[in-house]
Amino acid sequence: MRSCHGLAAGLLVLAGVAVGLADDRPLREARSANDGYLLEIEPGRPGRNGRPPRAVLRKRVAGRGAGTRVWENRLVNDVAPLRVFIRGDGKFVVTLDEYRRGGTRNALVIYGTRGELLRHFLLQDLLTAADWQHVDVRKQSLHWSDAAQGRFKDGFFELELEWGRTLRIDLKWLRVERPAGVEPACGAENLPAALLALLFEHVEGGGAEQVSEAAEPLEEVGALTPEEQEQAATIQEMLSGEDADSASLEEEPVPVLAADAEALEIGAEVPAEVSDEMSPEAEPELAVEEPAVAEVVEEELELAESLTPPGIDVDVPAPDARNPTDYVAWINELGQVDGPDATPLYDAAIDALIDWEGDAGLLRAALAGDPAALSDAQVTAWLAQNAAALAAFSEGSQLATRSWNFESDDGSLMSLRLPSLSPLRTLGRGSVIVGREAAADGQVVVAADHYLDTLAAGAHTGEGLTIIENLVGAAMQEPAADALLDLQAEHGDELDFDDLVEAAEVAYSPVRPAVETLQGERAFFMDTCQRLWVPDPNTGELSFDADRAAQFVDMVGDDNLAEGTDEMAARLSEIGYAETVAEANAVYDRMSAAFLAPYPQGDAELRVLEESVLRTSDANPLVRTLVPALSRYHLVHTRAEARRRAVLLTTRLNAYQQEHGSYPDSLAVFGDDSVVVDPFSDAPFVYRVVDGDFELYSVGGDGVADTAGQDPDSDGADVRYWPRAEKVVGE
């Protein structure tokens, strides 16, 4: 089975160290003790089409989201370290151990100012003969540092071990300091058999001779090679002898070395199936309140660095009608990535795709696992024709990031040439159908891999900053999530749920948060706004350009808007550029706050905004035209996140039952992990054990647990995830 790892783990941050709670999810981020630096980790995927983990170190700046990037590089781990320590000036990062393997892998690793590997210590390098009695063996892992306290002090990294000894590593010379009287690193003859078996399990044959032979050079491991001595010499000047954890956070930001790997798509036509889901419905009457509009003068707008409220990781630059902001360049800068890139593989898959031309109902039935549809000659022939396309799709899904570089005919966001999303969704469906075929043949591991591929590809697609990308990514994930639940229900006795948990928690990543997607919409508005006002070449005074407005109306293709172009131009000329930007910004700020609030409050606020701003005749016509109504999107996005959490939680529950013989009495066994929380209620999912099985529900859009088992696509009803409902296929 595809060997992957977890969700953004709940973290314990103490003294500059982050640890994965209960060692059951890979570590995703860590902070320095002074909170000045943040290390983001993308866990690795060993095994089939594997890749190493990657990390990004960021310098945090107050009020500026995640901060500026210092470096990005691979980690030596197979999956992820268990603990991370970051020096207060960001010049050293120290990692401990390996996810689910403890000290058997990568016991202590030191990275430098550019993320380069400075030194890699084995556990045998660090511990003395007297230390081994304190090492705990648990399944396939060695635990030695779980309760150790780490710190950077006077040019050393110190690790105070639980049994009282302090391990000191000289950062100048990258070696373990051994006080007089302390025994050096021990050889194989000093190690208990259980420890040897784990430390040297990679030796073929596994016999005593091989273990002894492999362990012979242990006493020499601690010595520096000539290359390491040279590396050590180059970093001596970095050390001042001061405790760097007290370093000031008011220094100049570290230059960015690489752009963020984020995606953006503007103005794409919504596929019919997504458009239907987002169609407006009758809304209840709501009290109307006017938005608080910030008073913004043009000079202030020109000086603003970002329009995005603090705490949101997408910084939208301010528009400038006199010297227009290049939003296309901004988008493309976000689209640059280092390392393996999934986009060429997805492009190859799209180029090789032969589209489905048969009956749509037959394809839906196969997607749902209907045996007759899976064996239909049309379906099997179509899958055979697309074998190469699906192979490239699968390979792309294994990578951590995707890039993009959009082109625009006139330099505006509205004219971006967009990638095709519909073929990606078709490929996702094909991958799920191949998995359904494998499951029907009893090949459960193959089936799971295909479902995980589609979940990962959906996460890639849903990374974009626009509603359409977000929705298509979630739509790709939905049938794969259903298939993964069905696999657990129908083939639970054949699955290794522990492995499935590990794989699913990385593959089934969330699509981009709605509050960040909203910032892409904000950028679209600001780019359009700065192009509709032009400066007088003599005075510099801004005036509304009616001709550009007419071109804009033609591009939008709104007949009602076209009929009122003159009226719109007159009204916007009266309102002015600065106030239009301010009004739109105020609306986007309120929407951002609504997306960050618990669902019931956020939903109510979005509906009030729609009534008070977006559906009133006296509203700013540009705001009313370009700012989307998002209460429906809020529901669909939240439902997708509820499904993601519930699928991962179901997998954990089945893993728990496989290990303990019964399901837990409550979800409290999983602590405060986010997968336990229903995003519709901000409280745990409805869970109960019934006759040796369990039931799992979300309260749905109405926030009330009263209609369990209803249609999962219903706006208000509860959504049942387990036990699986009887399938209705071929509709």
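The values are calculated or read from the model by the stated rules, or taken from the named source; none is laboratory data. Everything numeric in this text was worked out from a predicted model, so none of it was measured. Positions of Cβ are generated from backbone atoms using ideal geometry, with glycine treated the same way; all protein chains shown enter the neighbour counts. Accessible surface areas use protein heavy atoms only, side chains included; no ligands, DNA or RNA. Shrake-Rupley method; radii C 1.70, N 1.55, O 1.52, S 1.80 Å.
Applying the criterion of being among the hydroxyl-bearing types (S, T, Y) and surrounded by fewer than 21 Cβ atoms within 10 Å (Cβ to Cβ) to the residues of region 507-556, the residue that is nearest to H637 (Cα to Cα) is S543. For region 630-640, indicate whether the set of residues that are in a loop (DSSP other than H, G, I, E, B), among the polar types (S, T, N, Q) and at pLDDT below 90 is non-empty. Checked against the condition, which is being in a loop (DSSP other than H, G, I, E, B), among the polar types (S, T, N, Q) and at pLDDT below 90, region 630-640 yields no hits at all. Evaluated against (1) more than 18 Å from A368 (Cβ to Cβ); (2) crowded, with 22+ Cβ neighbours inside 10 Å, G428 falls short on exactly one condition, (1). I'd like the residue in region 391-416 that is open to solvent by 30 Å² or more (accessible area, probe 1.4 Å) and in a helix (DSSP H, G or I) and, out of all such residues, is nearest to A459 (Cα to Cα). Among residues in region 391-416 that are open to solvent by 30 Å² or more (accessible area, probe 1.4 Å) and in a helix (DSSP H, G or I), the one nearest to A459 (Cα to Cα) is E395.
Among the residues of region 34-44, those that are open to solvent by 10 Å² or more (accessible area, probe 1.4 Å) and modelled with pLDDT under 90 comprise N34, D35.
Of the residues making up region 441-449, none is at pLDDT below 95, open to solvent by 40 Å² or more (accessible area, probe 1.4 Å), touching a helix residue (DSSP H, G or I) at 6+ places or on another chain (Cβ under 8 Å) and over 21 Å from A507 (Cα atoms). Please specify each residue of region 654-686 satisfying the condition of being more than 14 Å from S698 (Cβ to Cβ) and in contact with a strand residue (DSSP E or B) (Cβ under 6 Å, 6 or more places away or on another chain). Correct list: Y663 only.
Conditions (1) modelled with pLDDT of 95 or more; (2) open to solvent by less than 20 Å² (accessible area, probe 1.4 Å); (3) assigned to a helix (DSSP H, G or I), marked per residue:
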{"site": "E579", "(1), (2), (3)": "no, no, yes"}
{"site": "A582", "(1), (2), (3)": "no, yes, yes"}
{"site": "A586", "(1), (2), (3)": "no, yes, yes"}
{"site": "D589", "(1), (2), (3)": "no, no, yes"}
{"site": "L606", "(1), (2), (3)": "no, yes, yes"}
{"site": "A619", "(1), (2), (3)": "no, yes, no"}
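With respect to L518, determine if the residue is within 23 Å of A360 (Cα to Cα) and part of a helix (DSSP H, G or I). It is false that L518 is within 23 Å of A360 (Cα to Cα) and part of a helix (DSSP H, G or I).
Taking the criterion of being over 26 Å from Y721 (Cβ atoms), in contact (Cβ under 8 Å) with a residue 40 or more places away in the chain and open to solvent by 20 Å² or more (accessible area, probe 1.4 Å), would at least one residue in region 633-641 satisfy it? No, that holds for no residue. Condition test on V647, is it among the hydrophobic types (A, V, I, L, M, F, W, C), closer than 22 Å to A448 by Cβ and modelled with pLDDT under 95? No.
Of the strands (runs of 3 or more DSSP E) contained entirely in region 69-181, those carrying at least 1 residues that are of a type outside the set (S, T, N, Q), more than 20 Å from D35 (Cβ to Cβ) and open to solvent by 40 Å² or more (accessible area, probe 1.4 Å) fall at 117-121, 136-138, 156-160, 166-170, 175-177. Selection of first residues in region 424-453 that are free of Cβ contacts under 8 Å to residues at least 12 places away in the same chain and of second residues that are aliphatic (A, V, I, L, M) and in a helix (DSSP H, G or I), restricted to Cβ pairs under 7 Å at least 6 apart or on distinct chains, gives the following pairs, ordered by first then second residue: V446/A438. Residues in region 107-121 that are under 17 Å from A148 (Cα atoms) and modelled with pLDDT under 90: 1 in all. Please verify whether L471 is under 30 Å from V636 (Cα atoms), crowded, with 18+ Cβ neighbours inside 10 Å and at pLDDT 95 or above, treating the condition exactly as stated. In short, no.
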